[in-house]
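Peer 1: I have a structure I would like to understand better, so I am pasting it below and will then ask my questions one at a time.
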Amino acid sequence: YCLSDDEDGESSLSPVNPKPNPDSMSSGQWEGAEIEHKQRCIDVGRILVLDDCFVSCRMLRFLLQSLGLNEVDTFSDASEALEELMRPTSVYKAMLTDYHVGETCGADLTCKLRDWEAKAERPHLIIIGMTGDDKITRHQRRLTS
């Protein structure tokens, strides 16, 4: 995410990574714009991506990096990811997880992580759940209707 100024001079967060275009600038302008761009990007911290599909992991890493979020680690095994998140030296700020990762479901993984966070007195990790399972989507729609 980057800060950008609107016409009124107000700063706001944008998920777009507005990198300067080197083709439209002289070398001196480019260097200054690149430095300003790097200074204005917000460091959201390290992100853990958990999905048992290798292609999804690569795609999510690419997507996050294209948004300027370069500290991304991918895992395809829920137990390994949970072990990594629960290390005392863990520095993750967010996790993107598939709802179904092998035999583990996202709800169970979240409960285990939240229980550990409470016992270890750690701040809550941002957890973003994802799924391509239409059954879950239909079930959620029925629950919210």
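The values are calculated or read from the model by the stated rules, or taken from the named source; none is laboratory data. Please read all numbers here as calculations on a predicted model, not as lab measurements. With ideal geometry, Cβ positions are generated from the backbone for all residues, glycine too; neighbour counts draw on all protein chains shown. These accessible areas exclude ligands, DNA and RNA; they are computed on the full protein's heavy atoms, side chains included. Shrake-Rupley method; radii C 1.70, N 1.55, O 1.52, S 1.80 Å.
Peer 1: Each residue of region 77-85 in turn: what ³J(HN,Hα) in whole Hz from Karplus with 6.51, -1.76, 1.60 and θ = phi - 60°, glycine and Pro shown as x?
Peer 2: 10, 5, 5, 5, 5, 4, 4, 5, 5
Peer 1: Let me ask another. Using a 1.4 Å probe and counting only protein heavy atoms, arrange Glu80, Glu121 so the residue with the most accessible area comes first.
Peer 2: On the way: Glu80 110, Glu121 160 Å².
Putting Glu80, Glu121 in descending order of accessible area: Glu121, Glu80.
Peer 1: On to the next question. As an exercise, use a Förster radius of 22 Å and the Cβ-Cβ distance of Arg122 and Leu67 to find the FRET efficiency, rounded to the nearest 0.05. If you can, show how the numbers build up before the last one.
Peer 2: Details: r = 26 Å, r/R0 = 1.17.
The value I calculate is 0.30.
Peer 1: Tell me, what % of the accessible area of region 41-86 is carbon and sulfur with a 1.4 angstrom probe?
Peer 2: That fraction is 53 percent.
Peer 1: Something else about it: Per 0.36 nm of contour for each residue apart, how much would the distance between Glu83 and Cys111 grow if the chain were fully extended, relative to their Cα-Cα spacing?
Peer 2: Details: separation 28, 0.36 × 28 = 10.08 nm, distance 1.42 nm.
So the chain would gain 8.7 nm between Glu83 and Cys111.
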